[in-house]
Amino acid sequence: MVEFDRDGARSVCRLTVAPQHLNPHRVMHGGAMYSMADQGMGAAVYCVLGEGESCATIEVKIVYLAAVRGGVVECESRVINRGKRVIALESEIRNEGRLVAKALGTFAVFPARTDA
């Protein structure tokens, strides 16, 4: 589930941890959390894109702070800077209120096509 806040240039994604999200150590796979951050950042970017503009991920860096064994994971992402060609964002991933990962990302902005 993804919620958007266009005025706040942010998004919130939620995931109920299921067996398919766990690694062999029975904790949530880091790739699943990374995907939440990338998805959440992409959703937040759309809050600040102009008519016809599009975007693509340039880079996402993530720091894992604690293991997740179950429950609900929530990723809140927000735009921290909107430049002409690059948007910087941050995500905080929480499990039952506890901060478990933090991510910083950049997205490229592509202008609206005028030849279409």
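Three semi-axes describe the equivalent ellipsoid of the chain; taken as square roots of 5 times the Cα gyration tensor eigenvalues and ordered largest first, they are 29, 13, 12 Å. Calculated mean residue ellipticity at 222 nm for the chain: -5000 deg cm²/dmol, from DSSP H runs with n ≥ 4 weighted as -39500 (n - 2.57), summed, divided by the residue count and rounded to 500. Across the chain, C-alpha contacts under 8 Å between residues 6 or more apart give a mean separation that, scaled by the residue count, equals a relative contact order of 30 percent.
Provide the packing ranking of 40-48, 23-31, 84-92, i.e. peptides ordered by the mean count of other C-beta atoms within 10 Å per residue, highest first. Write out the running numbers ahead of the final one.
Details: 40-48: 21.9, 23-31: 13.2, 84-92: 17.4.
So the order, starting with the most tightly packed, is 40-48, 84-92, 23-31.
No lab work stands behind these numbers, since they all come straight from the coordinates. Only a predicted model underlies this, so the values are computations on that prediction, with no experimental measurement involved. FYI the Cβ positions are ideal-geometry reconstructions off the backbone, even for glycines, and counts take in every protein chain you see.
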